[in-house]
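Visitor: Please read through the structure below; I'll follow up with questions.
Bear in mind these aren't lab numbers, they're just calculated from the coordinates by the rules spelled out. The structure displayed is predicted, hence computed values, not measured ones. Cβ coordinates were reconstructed from backbone atoms using ideal geometry, including for glycine residues, and neighbour counts include every protein chain displayed.
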Amino acid sequence: MSEKKRLDLEYSQLESDRMRINVGPQHPSTHGVLRLEVEIEGEIVTEVVPHLGYLHRSFEKHCEKMTYPQIIPYIDRIDYIAAMNNEWPYVMAMEKLMGIQIPEKVEFIRVIMAELNRIANHQIAVATFGLDAGAFTPFLFFFRDREYIIWILEKMSGARLLYNYFRIGGLAGDVYPGFKEDCLNIVKQVRKTNAEVMDLLIYNRIFIQRTANVGILPADVAINYACSGPVLRGSGVKYDLRKDETYSIYNRFDFDIPVGTGEVGTLGDCWDRNMVRVNEMEQSCRIIEQAIAQMPDEGDVQSAIPKRIKPPVGEVYMRAENPKGDLGFYIVSNGTDKPERVKARGTSFVNLSVIPEISKGYMFADLILILGSIDIVLGEVDR
Amino acid sequence: MGLLNKLDDPYEGGGIVLGKIEDLLNWGRSKSDWYLHFGLACCAIEFMAMNASHFDFMRFGTIPRASPRQADFIMVTGTVTFKMADRIKILYEQMSEPKYVISVGSCSNCGGPYWEHGYHVLKGVDRIIPVDVYIPGCPPRPEAFQEGMMLLQEKISHQAIFNKRKKLEAELEK
Amino acid sequence: MLANEIFEQLKAEFGEAVIEYNDKQPADSYVVVSANGLFEICHRLRDKDDFLFDYLMSLSGMDLGENVGVVYHLYSMKHKHKLVLKVAVPKSDPKVPTVETIWRTADWHEREAFDLIGVHFEGHHNLIRILCPYDWEGHPLCKDYETPEFYHGMKVSY
Amino acid sequence: MENVNFIYDLLGKNFIAIILVISLPLMFVLVYALAAILAELKVSAWIQERLGPMRTGPWGILQPIAEVVKLIQKEDITPDKANKPLYNLAPFIIFTGAYAAFAVIPFSEYFVPAGINLGLFYVFAVGSISAIGLVMGGWASNNKYSLMGAMRSVAQLISYEIPAAMAILSIVVLASTMNMQEINKLQSGWFWNWFIFGGPGSITKIWVIPFTIGLSLIYFISSLAETNRVPFDIPEGESELVAGFHTEYSGMKFAMFFFAEYANMFIVAAILATIFLGGWNSPFDTFMQGPIWGAFWFISKAFSVVFVQIWLRWTLPRFRVDQLMYVGWKVLLPISFVCFLAVSLFVMLK
């Protein structure tokens, strides 16, 4: 028997008593009202049981009772951090179901809005991830920038957080004068802050020690769990709906899909997932710049649609690349102005289900980081 | 004894000494409010923005505390579901007196957009815990948070510590 | 591979268990299979080299009035093709075999469908409620669901 | 050697004088803690492009006072299942540990509360008392988070005392005394006489300077761990353990933890200032040297160290518990041994 095996055996006989602790629903770093029932042995996590539903707001019930345009505000409230991106798959699904052609300018504005919101979402994700690791200041740097993005979105839609801006067949309003300059300024500011945070947080030695080789998610496990977005890409799978299942006008832009590289640790660890988000901000900046350059100045922002939206009997499943992964809507229409069934495939709901799998055997402090690296939003988990 | 009575009389006039002490104590409580680090839903994101550099909630003297024992007030930021309602009750009971509640957003005020068909949504957090200040909006803007915080501070600074009954009667007469 | 080709191949292999193929919809076409053969079909869909449906996008429960249905949206990371599977079982005996051993992601989706619609997934290792509280009564997304008046002493309706 | 204490000189060594000598550090602790709390709020705000408390007095300078006024009024909760005697005793023990250490801190040439010869030894002995308080409070709270926080903090305190003690021991070897006042007196003159630069001596000391600077860094890092500051704040790491060992404490008992934390910060800063940075000595020989100036120099040096502690807190992420142990036992301890060896060699050759 080798020395290592002997030690392992000895260790396995040295089991101490296990302790079950409840993390949440009120806990500073569960990102909302998630409850994790954690079994720990000393500091080592041996079992994690997530309990959801503390924010179950009966979204799908509401959809059955509302008319199609009325559903959009509820969709904002699913993933309230990236509301613009949320609305997109729903309106695309409706347009596909009803066969509506939308004007070109609308596509451009939608792309810019979605990418701006993607940056804002990733800023929160990286900021709170830093907060989980104990670094408070990057959080505020990111929030300072996010505020500038929010100002643009507010000028466009009138709301700071939940926009209700994408409508079936178009948009709620046209761009305001000076929109292009604002966007270009944001891009500059985002790049500047990213460079700053690279030094302060991402390549900080303590941060690397904390996050590298922690919470490793192999690619096959990630696919089997149907993870998507940065969680899947962090494991090295080049899968992005904007390229793989090109929707809207994403084929006109030149951008890369950042994937995890295992630069400082193992492929698919927390650091990789976080780094994918940071790199995606840069790619979003590129898309915004190109879209601003190509965007037509003139044009309608609403195509002609019937006043009362009554799609034909049928069903459609449409998904789009949300900042957190692919958000899908399964809409079943029964021919009236209210849907028969709307099912939202919550990205965070699916991504979170991988937690019990990848957090076993790590320290309790790592569990918090793994949770943070998955970037969940509880509104989407519980719907 | 006329002078003394004027200075410190629990039954007549406020009393200068007690009144001043009361002012000091109220000042301390109103200027130093530690809130429970606790977010429920969409409003919590706006509350995070509120804490960040642009709006800087800490200007009011608020500090986040993760433990309810050390918190002075709880901000119910978002939709309260039935599954969560039991926990909010527990959290509120764990807080040490004097404690206050700010209900943020339509959802926790009255159920918000989920008032009609939300089978799993509590229609207003005031059904389970007493609320001091309501902040409307879905979600409220950071300016509304500031207003709500100032209202809470004003409420605390006029609270009666001594002569509670007397002040209550005086208010009722109004 | 297109959905109708997949249907042909499945029909050739499983016969009776694959019921029909529908492409008359304005949007997505789908394949209806029977509950008995579901597990084998799913297994074959994942593992056969021509299919390789390794990614379960979504699993939705449906209340169809008399029946309850389950809809599977599949995707292949390699071939980039999609398939919609449907299965319907009577409401009196809503038993569908679980696919959580094929796609681990189905675990929580199935719990959700059980919670909201009341589909019973046979063989699921931990079929308990996921969104509603563990002591909640009824399945809220059923069309005939009636909201309870009180929950733990709290009034439910406005 | 006689230690000068201006209160005894003025009043004689009677009862009132003793009370005065005891209460002066206490008053200092209270005033200092208020200032440090304000500094923490304000410095963090400035680092993060905020303003910090602004609405309590001019520029928010009354904020800590408001906080004390409020904490006095808060309800004092003792959890039902807590071990009540231990639970109630713990904050007092921690505060006592922090306060007792002030007895040997030389504030000025003419004021040190008790100039005992084993000053540094005493500081270390008393500093360990707070570990008992922590584990008492954490265990008696009957809360799992508290227990974990207490366990972590005791492990951390014990392991980081060793490199800190090695660093101090080296200076003791160099100064050949444990009396803090004596150590101060040795460092008089220009700033290159400070022990961070090898202490008083001819130009031949130049090769020992890297080691003494290293020792001061080791002591500073260990002191961060001993006071549970970032990046070693895992006992109360907010994102994991809610509030660590004081999760269940409220009101004045929590305030005592709060005060003790800041008092501890000052003590380690004061020790660092005394043994490495010349204590109450002016950096420029006789310029601005004297009893009052001494207090000024001492307090400003200690405050600079406290400022660096605050600065680090708002800059760095937090270590994990095993990495913390790794840093303590496998990095700091060997380096401190090497430095100790070098310093001893230097003393032998001198």
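Visitor: For peptide D:58-69, how many partner chain Cβ atoms fall within 10 Å of a residue's Cβ, on average? Can you show the working numbers first?
Guide: On the way: counts 0, 0, 5, 0, 5, 5, 2, 5, 9, 7, 2, 8.
Across the residues of D:58-69, the mean count of other-chain Cβ atoms within 10 Å is 4.
Visitor: Here is a follow-up. On average, how many beta carbons from a partner chain sit within 10 Å of the beta carbon of a residue in A:359-368?
Guide: Going residue by residue through A:359-368 and averaging, the value is 3.
Visitor: How much FRET efficiency would the formula 1/(1 + (r/R0)^6) give for A:R308 and C:K24, where r is the Cβ-Cβ distance and R0 is 25 Å, rounded to 0.05?
Guide: It comes out at approximately 0.55.
Visitor: What chymotrypsin sites (Phe, Trp or Tyr not before Pro) does the stretch A:203-243 have in DSSP loop regions with at most 14 other beta carbons within 10 Å?
Guide: A:Y203
Visitor: Related question: How many partner chain Cβ atoms sit within 10 Å of a residue's Cβ in peptide C:81-88, on average, as a whole number?
Guide: Average per residue, whole number: 1.
Visitor: Using the beta-carbon distance between A:Q70 and C:N67 and R0 = 25 Å, what value does 1/(1 + (r/R0)^6) give for FRET efficiency, to the nearest 0.05?
Guide: Rounded to the nearest 0.05, the efficiency is 0.30.
Visitor: Ok, one more. Number of Lys pairs in the stretch C:3-155 with C-alpha atoms less than 24 angstrom apart, excluding same-chain neighbours closer than eight positions?
Guide: For the stretch C:3-155, the number of qualifying lysine pairs is 20.
Visitor: Can you give the calculated 222 nm mean residue ellipticity of chain A, where each DSSP H run of n ≥ 4 adds -39,500 (n - 2.57) and the sum is split over every residue, rounded to the nearest 500 deg cm²/dmol? If you can, show how the numbers build up before the last one.
Guide: Numbers: 16 runs with 185 residues, N = 383.
So the helix-based figure for chain A works out to -15000 deg cm²/dmol.
Visitor: Just the projected area, averaged over all directions, of the convex hull on the alpha carbon atoms of the protein assembly as shown: how many nm²?
Guide: Averaged projected hull area, Cα only: 51.7 nm².
Visitor: Cα-based Rg (one decimal) and Dmax (whole number) for the stretch A:202-277, in Å?
Guide: Cα radius of gyration and Dmax of the stretch A:202-277 are 13.4, 42 Å respectively.
Visitor: Here is a further query. What are the GluC sites (Glu not before Pro) within the stretch C:60-158 that DSSP puts in a loop, where the Cβ has at most 12 other Cβ atoms within 10 Å? List each step's numbers first, then the result.
Guide: Numbers: sites: C:E66, C:E100, C:E110, C:E112, C:E122, C:E137, C:E146, C:E149; in loops: C:E66, C:E100, C:E137, C:E146, C:E149.
Here the sparse-neighbourhood loop sites are C:E66, C:E137, C:E146, C:E149.
Visitor: Once you place label points 7 Å from the Cα toward the Cβ at D:S202 and D:I162, how far apart are they in nm?
Guide: Between D:S202 and D:I162, the simple spin-label model gives 3.9 nm.
Visitor: Sticking with this one: Quick one: go through the stretch C:63-97 and flag any residue whose amide nitrogen is under 19 Å from the point 7 Å out along the Cα-to-Cβ line of C:E8.
Guide: Residues passing the 19 Å test: C:81-84.
Visitor: Next question, about the same structure. Over chain D, what number does the Rg to Rh ratio reach, with both radii from the alpha-carbon atoms and Rh per Kirkwood?
Guide: Taking Rh as the inverse mean 1/r over Cα pairs, Rg/Rh reads 0.97.
Visitor: Tell me, in nm to one decimal, what length is gained between D:S304 and D:M252 on full extension, where the rule is 0.36 nm per residue of separation less the Cα-Cα distance? Write out the running numbers ahead of the final one.
Guide: Working: separation 52, 0.36 × 52 = 18.72 nm, distance 2.85 nm.
In short, 15.9 nm is gained.
Visitor: Using a basic spin-label model with each label point 7 Å from the Cα along Cα→Cβ, how many nm lie between C:I128 and D:L345?
Guide: With each label point 7 Å from Cα toward Cβ, the separation is 6.5 nm.
Visitor: Checking the table B:K99/D:K70; A:K65/A:K310; A:K360/D:K144; A:K155/A:K324 against a 22 Å threshold on Cα-Cα, which pairs fail?
Guide: From the list (B:K99/D:K70; A:K65/A:K310; A:K360/D:K144; A:K155/A:K324), the Cα-Cα distance tops 22 Å for A:K155/A:K324.
Visitor: Cα to Cα, under 17 Å, and not fewer than 8 places away if on the same chain: which aspartates and glutamates meet these conditions relative to D:K42?
Guide: Once the sequence-local aspartates and glutamates are set aside, what remains near D:K42 is B:D33, B:D56, D:E67.
Visitor: Can you pull the Kirkwood radius for the stretch D:213-264, inverse mean 1/r over Cα pairs, to one decimal in Å?
Guide: Values: mean 1/r = 0.0830 Å⁻¹.
Over the stretch D:213-264, the inverse of the mean reciprocal pair distance is 12.0 Å.
Visitor: So which trypsin sites (Lys or Arg not before Pro) in the stretch A:203-248 pass both tests, a DSSP loop state and at most 16 other Cβ atoms within 10 Å of the Cβ?
Guide: Answer in residue order: A:K238.
Visitor: Counting only C-alpha contacts under 8 Å and six or more residues apart, can you give the relative contact order of the stretch A:23-117 as a whole percent?
Guide: Relative CO of the stretch A:23-117 lands at 14 percent.
Visitor: Report, in debye and to the nearest 20, how large the dipole of chain A comes out about its Cα centre when Lys and Arg carry +1 and Asp and Glu carry -1 on their Cβ.
Guide: So the magnitude is around 860 debye.
Visitor: While we're on this one: Taking the Cα atoms only, what angle lies between the long axis of helix D:144-175 and the longest principal axis of chain D, rounded to 10 degrees?
Guide: 10
Visitor: Sticking with this structure for a sec: What spacing in nm lies between the two simple spin-label points modelled at B:A160 and C:A17, each 7 Å away from Cα in the Cβ direction?
Guide: Taking the simple label geometry, B:A160 and C:A17 are separated by 7.8 nm.
Visitor: How much length is gained if the chain between D:I72 and D:I22 is pulled fully straight, taking 0.36 nm per residue apart and subtracting their Cα-Cα distance, in nm to one decimal?
Guide: Using 0.36 nm per residue and subtracting the Cα-Cα distance, I get 15.6 nm.
Visitor: Another one. Over chain A, what is the mean sequence separation of C-alpha contacts under 8 Å (at least six apart), divided by residue count, expressed as relative contact order in percent?
Guide: Computed value for chain A: 25 percent relative contact order.
Visitor: For A:E315, enumerate residues with amide H under 5 Å from its amide H, sequence gap 5+ or separate chain, H modeled in the peptide plane.
Guide: Those lying under 5 Å, H to H, from A:E315 are A:S333, C:A27, C:D28.
Visitor: Between the helical axis of D:63-73 and the dominant principal axis of chain D, each derived from Cα atoms, what acute angle in degrees is found, rounded to the nearest 10?
Guide: 50
Visitor: Please give the helix B:142-157 orientation as an angle from the longest Cα principal axis of chain B, in degrees from 0 to 90, rounded to the nearest 10.
Guide: 30
Visitor: Using each residue's phi in the stretch D:84-89, evaluate 6.51 cos²θ - 1.76 cosθ + 1.60 at θ = phi - 60° and report the 3J(HN,Hα) Karplus result to the nearest Hz, with x for Gly and Pro.
Guide: My calculation for the stretch D:84-89 gives 4, x, 5, 4, 6, 7 Hz in order.
Visitor: Moving on. Grab the beta carbon distance between B:L172 and A:D174, set R0 = 41 Å, and tell me the FRET efficiency rounded to 0.05. Don't jump to the answer; show the numbers that get you there.
Guide: Values: r = 56 Å, r/R0 = 1.36.
The computed FRET efficiency comes out at 0.15.
Visitor: Sticking with this structure for a sec: Cut-off 19 Å, label point 7 angstrom out along Cα-to-Cβ of A:D199: give me the residues of the stretch D:305-331 whose amide nitrogen falls inside.
Guide: Within reach of a label on A:D199, which here means backbone N under 19 Å from a point 7 Å along Cα→Cβ, the stretch D:305-331 contributes D:311-317.
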